[in-house]
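See below for the structure under consideration.
Bear in mind these aren't lab numbers, they're just calculated from the coordinates by the rules spelled out. Please read these numbers as outputs of a predicted model, since none were measured by experiment. Cβ: placed from backbone, ideal geometry, glycine included. Neighbour counts: every protein chain shown.
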Amino acid sequence: PIDTAPAGTPTELANALDTLMAIPDPAERQTRLDALWDDWQATGQIPYVDGTTVAFLYRGEALTVEWRGDFNGWLADGALLGQNLSGTNLWIAVAEFPSSARLDYKIVVNGGTWLLDPANPHQQWSGDGPNSELRMPDSIPSEWTERREGVPQGTLSDPQTTVASMSGYALTYQVYTPANYGELDNLPVIYVLDGQDYADERLGALPIILDNLIAAGKIEPVIAVFVDVGASPNGSENVREEAYTNNTAFADFMQMLAGSIDMEYSTDAHANRRLIVGTSLGGQAALFTAIKNPTVLVEFGLVAAQSPSFDDTLLDLYRQDMTRALNIWISAGTPEWDVDITPLRTVIERRGYQLTTVQVNEGHSWGNWRGLLDDMLIHFFGTEERE
């Protein structure tokens with residue numbers, strides 16, 4: 001236990017804590033702490049943020065309290081260790097983050113009990129459920145991820161499952177068509193890997209973002225195909241890693257799927273109107289699918305990869321290829337918190353592809369990826385003239 005605020009605590013908070021600790025009567029000290037806590041919680045000051053300094057706060061009886069999250073890879077190593085203010089159940093840990101950072105985190109009590117921050121209402125969902133969310137002062141959330149009243153909604157088809165004959169695994173997809181689709185033609189198409197997550201309102205929220213951007217005139221109407229490769233035909237095996245790791249059979253399937261979508265829907269079938277999108281390992285699959293099989297009739301001329309994984313096989317393909325006219329958009333978080341895309345960017349730039357990269361002070365998180373979808377969509381399908 002400590003008797004004063006730890007070094008680095010924001011001045012106003014440190015003064016409040018030092019005044020609290022100077023109260024000799026335990027009951028009076030507890031009453032004062034309750035009042036401070038209620039005030040901090042009511043004013044959204046848990047965690048307590050001042051500039052680039054964050055004081056994580058927790059109240060509870062415990063032997064140890066720590067904070068893990070995007071900032072340390074969710075590991076015990078590098079976790080922020082809480083300190084207990086003597087004679088109270090208040091724990092505090094102080095850290096420095098960029099003023100524009102946005103991070104997911106959880107509280108870990110006694111080394112094994114993972115908790116959402118009970119005093120912080122802000123949450124971001126992940127593939128494993130919700131995490132607490134820290135937004136630093138200059139972190140600006142996307143304005144397009146929430147459903148807006150009066151905005152016409154597109155239509156998401158029922159799931160359709162296809163068993164890929166060349167690989168034997170099942171691929172399920174849903175097709176988003178924009179509002180007033182029956183009056184439109186020659187629409188660009190987005191092929192979205194891990195589509196079940198991108199379509200989830202708690203994760204990617206991509207259908208909502210599309211509805212909002214189209215209604216606001218920020219992008220032209222588009223079709224989106226949400227692809228899920230989560231299971232084998234009998235549902236017993238997750239085949240995502242196999243399908244997404246430089247898999248020629250999967251790339252062939254995506255090209256076949258694009259051909260069938262062109263036949264069934266009112267699409268613009270040119271390669272420079274066909275985008276493939278993925279995140280993490282799905283980002284690698286998107287980059288691989290776009291570069292593989294340069295002689296096929298159905299090509300993906302646009303690629304978006306969010307926090308993509310990559311390996312020497314993929315890098316070698318991009319070093320060698322000289323046939324594709326690709327427009328590539330890659331985003332990533334802070335290298336220490338996410339993937340370092342420097343080697344990938346270097347290879348792509350040297351080969352001379354059209355490349356846009358975006359880096360944000362965030363981790364490997366759906367909060368990162370969903371927050372950049374509007375930028376990505378406007379980059380490829382924006383309605384304003386570019387200089």
Estimated translational D of the range 80-176 in µm²/s (Stokes, Kirkwood radius over Cα pairs; 10 °C; 1.306 mPa s):
87
Just add up the charged neighbours of Leu355: K/R +1, D/E -1, any other residue whose Cβ is under 11 Å from the Cβ of Leu355.
+2
Spin-label model distance (nm) - Asp34 vs Glu349, 7 Å beyond Cα toward Cβ
5.9
For the chain, build the charge dipole from Cβ charges (+1 Lys, Arg; -1 Asp, Glu) around the Cα centre, then report which of Thr155, Tyr176, His270 sits farthest towards its positive end.
His270
Along Cα→Cβ, 7 Å out, is where each label goes; now give me the distance between the ones at Glu201 and Glu242 in nm to one decimal.
3.5
From zero up to wherever the largest Cα-Cα distance of the range 1-98 sits, split into 10 Å bins and tell me the percent of pairs in each.
15, 49, 29, 6, 0
From DSSP H assignment alone, runs of 4+ in the chain each adding -39500 (n - 2.57), the sum over residues rounded to the nearest 500 puts [θ] at 222 nm at -8500 deg cm²/dmol
Helix 366-381: angle to the longest alpha-carbon principal axis of the chain, degrees 0 to 90, nearest 10?
40
Given the Cα atoms of the range 43-121, and with Rh set as the inverse mean 1/r over their pairs in the Kirkwood sense, what is Rg to Rh to two decimals?
0.93
Folded to 0 to 90 degrees: helix 11-21 orientation relative to the chain principal axis, Cα
40
Determine, from the Cβ-Cβ distance of Tyr265 and Asp138 and an R0 of 45 Å, the FRET efficiency 1/(1 + (r/R0)^6), rounded to the nearest 0.05.
0.65
Which whole-number percent gives the relative contact order of the range 30-108, counting Cα pairs below 8 Å spaced six or more residues apart?
31
Percentage, to the nearest whole number, of Cα pairs in the chain over 26 Å apart
57
Evaluate the relative contact order of the chain (contact order divided by residue number), counting alpha-carbon pairs under 8 angstrom at least 6 apart; express in whole percent.
13
Exposure-ranked with fewest Cβ neighbours within 10 Å first, Lys218, Lys292 stand as Lys218, Lys292
Using the 2.2 N^0.38 Å rule of thumb for compact globular proteins, work out how the range 155-381 stacks up: its C-alpha Rg over that value, please.
0.95
Could you tell me how many degrees, from 0 to 90 and to the nearest 10, lie between the Cα long axis of helix 342-351 and the main elongation axis, the longest principal axis, of the Cα atoms of the chain?
30
Could you work out how far the C-alpha centroid of the range 191-229 sits from that of the range 4-56, in angstrom?
42
So if R0 is 45 Å, what FRET efficiency would Asp312 and Ala22 give, r being the distance between their Cβ atoms, rounded to the nearest 0.05?
0.15
Rounded to the nearest 20 Debye, what is the dipole magnitude of the chain about its Cα centre when Lys and Arg each give +1 and Asp and Glu each give -1 at the C-beta?
580
Efficiency by 1/(1 + (r/R0)^6): what FRET value for Ser100 and Ala76, r their Cβ-Cβ distance, R0 = 35 Å, to the nearest 0.05?
0.80
